[in-house]
Amino acid sequence: MKIAPSILSADLMNMQRDVENITKAGADLIHVDIMDGHFVPNITFGFGIISALKKVTDLKLDVHLMIDHPDSLIEDVVKQGADMILIHQEATPHIYGVIQTIQKLGSKAGVVINPGTSVETIKPILSLVDQVLVMTVNPGFGGQEFLPEMTEKIKELDQLRKENSEYTFEIEVDGGVNQSTIKLCKDAGADIFVAGSYVFAGDVSQRIESLRVD
């Protein structure tokens, strides 16, 4: 299992300190939420945060674009140094082409589905993507309550992966992940766990370790 702390919940006035702390604490990835105020009702970081993070950590950057029509912006995100770029199924009618562009430019590509979006909608691209992110809260804000119904999507994706050798994607979950909900997601088949509020609400080393459930 991989733990990906979300810097959306870090102390913005001490972000380098928090990034260094989670790196030392054994985080596997860093999850970076970029929001435009249109696709979701919140605005976070510009793309420059990616290159800034690259200067203070060697961890891979898992960049989640919660933005409308990301098609024309992908090259800029790749140039900043994103290792994984996650695009919402709901954000563009050209999801297939966007995924292909990301991979051609040298980054890994993933698709994201909101709580109201079915796995069925992304079946045509499952053989193409490196990652599938299942939102376990409504996107836009940290600290929301986990939606347990979303574990059924995780199970469905895991079953599809087992049944089809073409599918090599990892399953990621984001939203309301803590010491208890992470076990539900892991048992359902998830591989990568984004945790923000839970990790940064206490000693980050202890919090990250507590998430590594059997």
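The values are calculated or read from the model by the stated rules, or taken from the named source; none is laboratory data. Since this is a predicted model, take the numbers as computed values, not measurements. Glycine also receives a Cβ, built like all others from the backbone with ideal geometry; neighbour counts cover every protein chain displayed.
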Failed condition for Ala109, given (1) closer than 30 Å to Ser72 by Cβ; (2) surrounded by fewer than 19 Cβ atoms within 10 Å (Cβ to Cβ); (3) small (Gly, Ala, Ser)
(2)
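Which of the residues spanning the range 82-106 are among the small types (Gly, Ala, Ser) and surrounded by fewer than 17 Cβ atoms within 10 Å (Cβ to Cβ)? Give the derivation first.
So the first thing to find is which residues in the range 82-106 are among the small types (Gly, Ala, Ser), and the list is 82, 91, 97, 106.
If the condition is that a residue be among the small types (Gly, Ala, Ser) and surrounded by fewer than 17 Cβ atoms within 10 Å (Cβ to Cβ), then Gly97, Gly106 are the ones that fit.
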Please go through the range 10-34 and give me each residue that is crowded, with 19+ Cβ neighbours inside 10 Å and in a helix (DSSP H, G or I), ordered by number.
Asp18, Val19, Asn21, Ile22
Count of residues meeting criterion [at pLDDT 95 or above, part of a helix (DSSP H, G or I) and either touching a Lys or Arg at 6+ places or on another chain (Cβ under 6 Å) or within 14 Å of Ser9 (Cα to Cα) (or both)] in the range 187-197
1
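If a residue must be of a type in the set (Val, Ile, Thr), under 20 Å from Phe193 (Cα atoms) and either under 12 Å from the mean Cα position of the chain (by Cα) or outside any loop (DSSP other than H, G, I, E, B) (or both), how many such residues does the range 86-134 contain? If you could, list the steps in order and put the result at the bottom.
The initial filter retains those residues of the range 86-134 that are of a type in the set (Val, Ile, Thr), namely 87, 92, 95, 98-99, 101-102, 111-113, 117, 119, 121-122, 125, 129, 132, 134.
If we keep only those that are under 20 Å from Phe193 (Cα atoms) as well, we get 87, 111-113, 117, 119, 129, 132, 134.
Within this subset, residues satisfying the condition of being either under 12 Å from the mean Cα position of the chain (by Cα) or outside any loop (DSSP other than H, G, I, E, B) (or both) are 87, 111-113, 119, 132, 134.
Residues in the range 86-134 being of a type in the set (Val, Ile, Thr), under 20 Å from Phe193 (Cα atoms) and either under 12 Å from the mean Cα position of the chain (by Cα) or outside any loop (DSSP other than H, G, I, E, B) (or both): 7 in total.
Yes/no per residue for (1) touching an Asp or Glu at 6+ places or on another chain (Cβ under 9 Å); (2) crowded, with 17+ Cβ neighbours inside 10 Å; (3) at pLDDT 95 or above; (4) not in a strand (DSSP E or B):
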site	(1), (2), (3), (4)
Gln159	no, no, yes, yes
Thr168	yes, no, yes, yes
Gln179	no, no, no, yes
Ile182	no, yes, yes, yes
Cys185	no, yes, yes, yes
Val199	no, yes, yes, yes
The condition from (1) outside any strand (DSSP E or B); (2) surrounded by 22 or more Cβ atoms within 10 Å (Cβ to Cβ); (3) not small (Gly, Ala, Ser) that Val173 misses is numbered (1)
Hey, does the range 67-74 have a residue that's of a type in the set (S, T, N, Q) and either in contact with a Phe, Trp or Tyr (Cβ under 7 Å, 6 or more places away or on another chain) or on the phi > 0 side of the Ramachandran plot (or both)?
no
For Asp68, the lone unmet condition from (1) under 18 Å from Pro139 (Cα atoms); (2) assigned to a strand (DSSP E or B); (3) free of Cβ contacts under 8 Å to residues at least 40 places away in the same chain is (2)
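Could you list, in sequence order, the residues of the range 35-59 that are assigned to a loop (DSSP other than H, G, I, E, B) and closer than 23 Å to Arg17 by Cβ? Show your work before the answer.
Of the residues in the range 35-59, the ones assigned to a loop (DSSP other than H, G, I, E, B) are 37-42, 44-47, 55-59.
Those that are assigned to a loop (DSSP other than H, G, I, E, B) and closer than 23 Å to Arg17 by Cβ: Thr44, Phe45, Gly46, Phe47, Lys55, Val56, Thr57, Asp58, Leu59.
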I need the full set of residues from the range 75-85 which are out of contact with any strand residue (DSSP E or B) (no Cβ under 6 Å at 6 or more places or on another chain) and either without any contact (Cβ under 8 Å) to a residue 12 or more places away in the chain or outside any helix (DSSP H, G or I) (or both), in order please.
Lys79, Gly81
